[in-house]
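Okay, structure first, notes after.
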Amino acid sequence: MSFANIRQFVDKLKQEQDLAVIEAEVDPYLEIAEIHRRVIEEGGPALLFTNVKGSPFPVVTNLFGTMRRTDMAFGPRPEQFAKQGIEAIHKLMPPTPKKLWDQKSLFWDALKVGFKNVPASQAPITQVRKTEKPLQGLPALTSWQLDGGPFITLPLVYTEHPDFGASDHNLGMYRIQIYDDQTTGVHWQIQKGGGFHYGEAEKRNQDFPVSVIVGGPPALIASAIAPLPEKLPELLMASFVLGERLPVVDSGFAGHRIPAEADFVIQGFVPPHIRRPEGPFGDHYGYYSWVHDFPVLNVKQMYHRKDAIYPATIVGKPRQEDYFLGEYLVRLLSPAFPMVMPSVRKVHPYAETGVHSMAAAVVRESYSREALMSGFRILGEGQLSLTKFLFLTDQMVDLENFPLLLESVLERFKPETDLYIINNTAHDTLDYTGHKLNHGSKGVMLGVGDPVRKLPREYTEGEVAEIRDIAVYCGGCLTMTGATYEEEPQLAERLMHRLAEKGTEWPLIFLVDDAHQIASSQLSFLWAVFTRFNPASDIYAAAEVRQHHLSYKLPIVIDARMKPGYPDELIPREDIVKLVDDRWKQYFPNGVTGK
């Protein structure tokens, strides 16, 4: 089934006994976030806070904190329709009347995608309109103690191209920091459609209208975070996920048609050439993003429905809700990858790394170096272009099983030809390993064809100077710990030379701050390693230039230690931890239950 609004989804979760209702008064400043983090870590239920300090609105979090709830929110239809559409493209070539008739159900479903205009008098979102201090009482959360203020963490930011209007719109999830009752920041990052629209308005020196949608059909959230092609309208994507035409209403503001079933819509103008410090913010990489100047939204009005529920999420060290949303989107969009990139069988960005830090792909190798061409294609495709490190193999392995993928690559990896490090490229705005905002480098490692080595699986090579701890992560890959980067910044380079002199059998070694802990699980390894190195500055291997190509020799050592200038890891404040400990039975007098 599909849900027309957040309340329907919340009611369904209550029926399924997958919702905990917290009636005790809770503070949107740090307290709700700490409760949420504990519950999601245990795979617990969604949380409905009915008594939020300083606000008349209930807050719901953890709606997407398990794969089961994420699947329930969006239903099976979008995946089924996507697969059916891909299959139909093959079956319809060449098209004939009979083939077209056989696919009539697909065309009928496609006709349901679109908009349904609703009169303002019948649209729940237009029930209440605030123009005086419009943001007052909105229960925006502060998740981490060093955050620059409260943030709207599930904002759906709607914009239109200043020339083309609604036919070229964008619905993106860009965090919104609340400065006061009528002013917010807008965190438009690189490669984001809303930022492109604003840039066009700024060139014309125009105030730029923005509508920030909160709540409504869960399908809106899926469409806002999906890495869709630039010109594909997200509201149509929402209709597709919903399985019917999306009800919209003319808001009377800049021609914006807004979802009739939304819970809140905040509307105002972003002036040109004005910036204000935004952040810090504890983000999905598991660290604080720094303070940077971003555009400012001057809020003119806020609509909300009378029975509004404020949906929020907490981001931080994986896994959080964004992990499950990301897994869902990979499943939804995967059937389309071979259509867009014919030589690419599967692509998997790893949410455990903050998504953009690392991805892997299964590619075709029907002629020499086709896999490399596929890698370049992936790195040129939408938000995948922000991928920092890319593993490629032609083996049909389960990409979700990273140790299996890494072993498949390392068995076939030829260092002379199969490692590419590309400097002076774009980084995700939230990745600070390049030491300059939006700047960094990329790495591509290939492992295709027949195996060229048997991977060691047990370390038997004895002690290594300056190394106090060694742990095996998977076949062919070690983690090692010695001094911190601040104590010995050149340790990784010395380690590479020492291992080469020993003739080590291990092709890939990560120098880390806690070898055994980091090697203990896929989650801890991916997070601690791939969020802590920049390929151009932190990969060490003997190399020589051959016809303008860097030809490497084993071993490859990657320095994944924490380094000066990296943002701080997210750690809850001790007094808030104790507060939640002391009040736990007030929140959950009958215990926490979930599925």
Here the Cα Rg-to-2.2 N^0.38 Å ratio for segment 525-595 is 2.05
Listed by chain and number, the residues whose amide H is under 5 Å from that of residue 441, excluding neighbours fewer than 5 places away on the same chain and using placed H, are 425, 536
Karplus ³J(HN,Hα) for segment 353-370 (6.51 cos²θ - 1.76 cosθ + 1.60, θ = phi - 60°; Hz, whole; x = Gly/Pro) runs 9, x, 6, 6, 5, 7, 9, 9, 8, 9, 10, 8, 10, 7, 9, 4, 6, 4
In segment 121-187 the accessible area split gives carbon plus sulfur, as whole percent at 1.4 Å, a share of 42
The base-10 log of I(q)/I(0) that the Debye equation returns for segment 429-512 at q = 0.11, 0.14, 0.19, 0.24 Å⁻¹, one scatterer per C-alpha, is -0.41, -0.63, -0.99, -1.21
Counting only DSSP beta bridges with both partners in the chain, the antiparallel fraction in percent, to the nearest 5, comes to 70
So the FRET efficiency between residue 486 and residue 275, C-beta based with R0 = 30 Å and rounded to 0.05, is 0.35
Over segment 270-337, with neighbouring protein chains present, the accessible area per residue in Å² at probe 1.4 Å is 33
Sequence order, segment 161-167: Karplus ³J(HN,Hα) from phi using 6.51 cos²θ - 1.76 cosθ + 1.60, θ = phi - 60°, Hz rounded, Gly and Pro as x, gives 4, x, 9, 10, x, 5, 5
Quick numbers on segment 27-81, Rg and Dmax over C-alpha atoms in Å, give 13.8, 44
Residue-normalised 222 nm signal for the chain, counting each DSSP H run of n ≥ 4 as -39,500 (n - 2.57), nearest 500 deg cm²/dmol, is -8000 deg cm²/dmol
The long-range amide H neighbours of residue 278, using H built 1.01 Å from N in the peptide plane and a cut-off of under 5 Å, are 292, 293, 294
hull vol. (C-alpha, convex hull) per residue for segment 167-293, Å³ -> 125
Residue separation between residue 459 and residue 423 times 0.36 nm, minus their alpha-carbon distance, gives in nm 9.7 nm
If the chain between residue 117 and residue 385 were fully extended at 0.36 nm per residue, the gain over the current Cα-Cα distance would be 92.8 nm
Ranking 50, 184 from most to least accessible area with a 1.4 Å probe gives 50, 184
Share of accessible surface on carbon and sulfur in segment 439-595, whole %, 1.4 Å probe and ligands ignored, is 49
Taking the square root of 5λ for each eigenvalue of the C-alpha gyration tensor of the chain, the equivalent ellipsoid has semi-axes, largest first and in whole angstrom, of 41, 30, 23
With +1 on the Cβ of every Lys and Arg and -1 on the Cβ of every Asp and Glu, the dipole magnitude of the chain about its Cα centre, in debye rounded to the nearest 20, is 1840
Taking 196, 151, 115 and ranking on accessible area (1.4 Å, protein atoms only), highest first, one gets 196, 115, 151
For segment 472-595, the Debye formula with one identical point scatterer on each Cα and no solvent gives log10 I(q)/I(0) at q = 0.09, 0.22 Å⁻¹ as -0.39, -1.28
Given 440-450, 59-69, 547-557, the highest-first ranking by average Cβ count within 10 Å works out to 59-69, 440-450, 547-557
Cα-Cα pairs in segment 277-389 separated by more than 25 Å, as a whole percent of all pairs, come to 43
Cα-based Debye curve of segment 112-247 sampled at q = 0.12, 0.19 Å⁻¹ gives log₁₀ I(q)/I(0) of -0.53, -1.29
Mean Cβ-within-10 Å packing, highest first, puts peptides 256-267, 33-44 in the order 256-267, 33-44
Quick calc: nm separation of the 7 Å Cα→Cβ label points for residue 582 and residue 516 -> 3.6
Note: residue 15 to residue 400 extended length (0.36 nm per residue) minus current alpha-carbon separation gives 135.4 nm
Computed ³J(HN,Hα) along segment 447-461: with the Karplus parameters 6.51/-1.76/1.60, θ = phi - 60°, integer Hz and x for glycine or proline, the list is x, 10, x, 7, x, 10, 7, 9, 7, x, 10, 9, 7, 9, 9
Quick calc: nm separation of the 7 Å Cα→Cβ label points for residue 131 and residue 203 -> 3.4
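May I ask you to order 529-537, 165-173 by the average number of other C-beta atoms within 10 Å around their residues, highest value first?
Values: 529-537: 22.4, 165-173: 18.8.
Result, highest mean Cβ count within 10 Å first: 529-537, 165-173.
The values are calculated or read from the model by the stated rules, or taken from the named source; none is laboratory data. In this text the structure is predicted, and so the values were computed from the model without any measurement. Using ideal geometry, Cβ is built from the backbone for each residue, glycine included, and neighbour counts are taken over all protein chains shown. Areas reflect the complete protein model, heavy atoms only, side chains present, ligands, DNA and RNA absent. Shrake-Rupley method; radii C 1.70, N 1.55, O 1.52, S 1.80 Å.
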